[in-house]
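Report on one structure; see the data block that follows.
Here, each number is a calculation from the coordinates, and none is a lab measurement. Values in this document were obtained by computation on a predicted structure and should not be read as measured data. A quick note on method: Cβ atoms are made from the backbone with ideal geometry, for glycine too, and the neighbour counts reach across all protein chains shown.
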Amino acid sequence: MMDDKLEEVKKYLNVLSNEIVEKEINELRLSNSYDNVDAKFLADSILKKYGVNSDVVLKKEVFFKRKFNDLGKAFNHIIDIMGKNDFKANLKIILDIIVLLLFISLCKIPFIVVRNLGEGLLGVINFSFAYDIWAFFIELVYIVIAVMIFINVFPKWFKNLKPSNNKVKEEKKVLNDVVNEPQKMGNDLESVVINDDKNNE
């Protein structure tokens, strides 16, 4: 199974053929020398090896694809953690998500102010379509920035979530009870046998 660093290196190499990518990734995996090396540095050296302008590739490298991939991982991680948490811990996660969405919503206030100022300046032009163009432009800019904030902040905020201690303690308690139950039953049976033997004497 490929680890996260090799996955990241592989994404940077998408300009190379599949055969070359697999070959280079396998060589890295076998060498075990990539653990303390940055993924971009590894990709840079491989791209240069095949005469590819690594500066251009690494800067352009499927930015949104990587970001949405990180976002997907964060969502999957949250679902996994919420499956292990108790209600109280899950409620905190939901509240954190609401706070993030509220923050993104509040970011629209400056855009509303700018839109209103622009509409005031456009008042001197007797051209109603100009208002629609200006409003659409401001709305589009806000949406782009809101999406960028979300896909950057959400994974960082939630990727390191851990299961709540309460649920873990409950699971450990149940496990201990299950493990200790046969022992307890064994002890009870032993006492019954010993008591029977005494009675028979």
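Other residues whose C-beta falls under 15 angstrom from the C-beta of LEU122 contribute a net charge of -1, scoring Lys and Arg +1 and Asp and Glu -1.
Extension gain for VAL37-MET82 works out to 12.9 nm (0.36 nm per residue, less the C-alpha to C-alpha distance). Label-to-label distance, GLU19 versus ILE145, with points set 7 angstrom from Cα along the beta-carbon direction: 5.0 nm. Computed with the Debye formula from one identical point scatterer per Cα of the range 4-61, without solvent, the log10 of I(q)/I(0) at q = 0.30, 0.31 Å⁻¹ comes to -1.46, -1.53.
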